[in-house]
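Read through the structure below, which is laid out as C-alpha cells, and then see the notes.
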Amino acid sequence: MDLYEGMPESVARAWERGLTSGRAATSRRRLLRAAALAAAGGTLAACGIPPASGSRGDGSARDPDHSRREKVLDFANWPLYIDVDDRNKKKRPTLDSFERESGIRVRYVEDINDNNEFYGKIKPQLAAGQDTGRDLICLSDWMAGRVIRQGWAQRLEPARMPHAVANLEDRFRTAAHDPGRQYSYPWAGTACIVAYNKKATGGKKVASVRQLLEDESLKGRISMLTEMTDTVGLTLLDMGVDPERFTDRDFDAALARIQRAVDRKQLRRFTGNDYMDELNSGDIAACLAWAGDVVQLRLDNPDIAFTVPDRGYLFGTDDLLVPAKARHRRNAEALIDHYYRPAVAAELAAWVNYICPVTGAQAEMAKTDKALAADPLVFPDASMIAKGKNFRPMSAGEQARYEEKFSQLIGA
C-alpha cells in the first residue's frame, strides 16, 4: 500500500512539497558556508499501515527500559543540526563529550529530512506497538504534538534530567502541543522573519509583510515560503490577526491578500531554503526567511539584513522526544540533560545558529563570541520574545482544507 493512500490529496501534495521545497528539504544548517545548497534526499517507503495495537506507550513503566544493561542510544536528527569539528567532519564535539562522560555509545543518524516523510517511516511501527529502532528523535513542534497526541511518545522523568529541568528557559516551559513539557524538550527554537538585501533595495529597510506584498519598488523581486504555516501565519499577523486564534474566514482573507500580490506579479516565487542564494546575490531583494539561515548569510554578506515585524513573527521549536517502545529511555534522558548544560548548549548554538532554549548558554557564549551572544536571532531579547507567535494546532479536517487552498495559491 502506498504511504499516501487514504490521505486527502491536498495533504499528500503538501507532504511532497515539503520534500522538495519545504524548510527541511535542503540541509538545515551551515548551507552558505558549505558553499552550496545541497538537497537532503529522502525516500518515501511504500508500506502498509497496520491498525493501532491499543498500546499507547505513554506510560514509562509500561515500556521496559534496557539502558542499564545496554549502554547505547539511537538518535535520529536532521542533517547538519549538530556541531562538527572543523578539522574532522566525522567528529561531533558535544556528542563525543557525552559519550566520554556517560559511557553511552550514540548511534547518530541524520535521517530526518522532512517531518511528514519521517512520520511516514515510523508510523507503521508506532501504530503496531513496535520499537522504531530509534531512542530519541527530533521533530518540529507541530509534528511532535501529533506523535504525543497519538500516545506514541514516552513520558520523560524530570528527576533524571536535573539540568534540563533547571535550565529550560521559562518561555519554553509551556507549549500547546505538550503542556508542562512532559514528553519533549526543545533542541532549538525557530523563527520566521523578514529578510532583505540592502544593496538590492537601494538601502531601503523592509520592515513588514505589507511591504513585501505591496511595495512597487520590490515588484518581481520578493519571495514567500512554501511552508503554509509560516507564510500564512506572518500574513495573518500583518493583518492584525492572531495566528494562534484565527478562523476560516481569517485564513481565506490572508490567502486572498497573497493572491492579489501573485496576480500583480509582485512575487518572484514561493521557495524553500533555496531563497538563500537569490537573497545573497540580490536577485531576491526581500523575503520571508528563517532566522538561522539569516545568521549564516550575514557572516559573509554585510548587505543581508533582517526585520522582526512590529506585529510579530512566527515562532516554533524542534523538539526531542522518545518514541513509544524505545529500548533506551534513560539513556535518551541522559543525552537531553547533557545538552541542557549551558556550556554544551552554547557550543551547539555556536554551530547551528538557531534559537538556544537553555538559560545560561548566552553567558557561556559571550566568553568566546560576544557578537553571536548578542545576536537576537540566537538569543532573543525581551522585545523579540514578546513578538513571537505560534500557528495554532489544526484538526485533520482543517489541515486538509488549508493545504488544499494553499496548494492552489502557490501552484503546487
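Quick note: the coordinates plus some simple rules give every number you see, no bench work behind them. Predicted model only: the values in this text are computed from it and were never measured. Don't worry about glycine lacking a Cβ; one is built from the backbone with ideal geometry, like all the others, and counts go over all protein chains shown.
Ranked by the mean number of other Cβ atoms within 10 Å of their residues, highest first, the peptides 382-393, 189-200, 150-161 come out as 189-200, 150-161, 382-393.
FRET efficiency for the pair ASP85 and ALA128, taken as 1/(1 + (r/R0)^6) with r the Cβ-Cβ distance and R0 = 45 Å, rounds to 0.70. Rounded to 0.05, the FRET efficiency of the ARG155 and ARG210 pair, given R0 = 51 Å and the Cβ-Cβ distance, is 0.70. Given R0 = 22 Å, the distance between the Cβ atoms of ASP111 and ASP277 translates into a calculated FRET efficiency of 0.30. Backbone phi angles across segment 386-392, fed through the Karplus curve with coefficients 6.51, -1.76 and 1.60 (θ = phi - 60°), yield HN-Hα couplings of 5, 8, x, 9, 9, 7, 4 Hz in residue order; Gly and Pro are listed as x. Say the cut-off is 18 Å between C-alpha atoms; which of LYS219/LYS265; LYS198/LYS219; LYS199/LYS219; LYS205/LYS265 go over it? Check vs 18 Å cut-off fails for LYS205/LYS265.
Taking 0.36 nm per residue of separation and subtracting the Cα-Cα distance, full extension of the segment from ARG173 to SER217 would add 11.6 nm.
You can think of it this way: the chain between ALA366 and ARG68 has 103.5 nm of extra reach, that is 0.36 nm per residue less the Cα-Cα gap. One decimal place: the segment ALA396-GLU244 gains 53.1 nm when fully extended, by the rule 0.36 nm per residue minus the C-alpha distance.
Scoring 347-359, 277-289 by mean Cβ neighbours within 10 Å over their residues and listing the highest first yields 347-359, 277-289.
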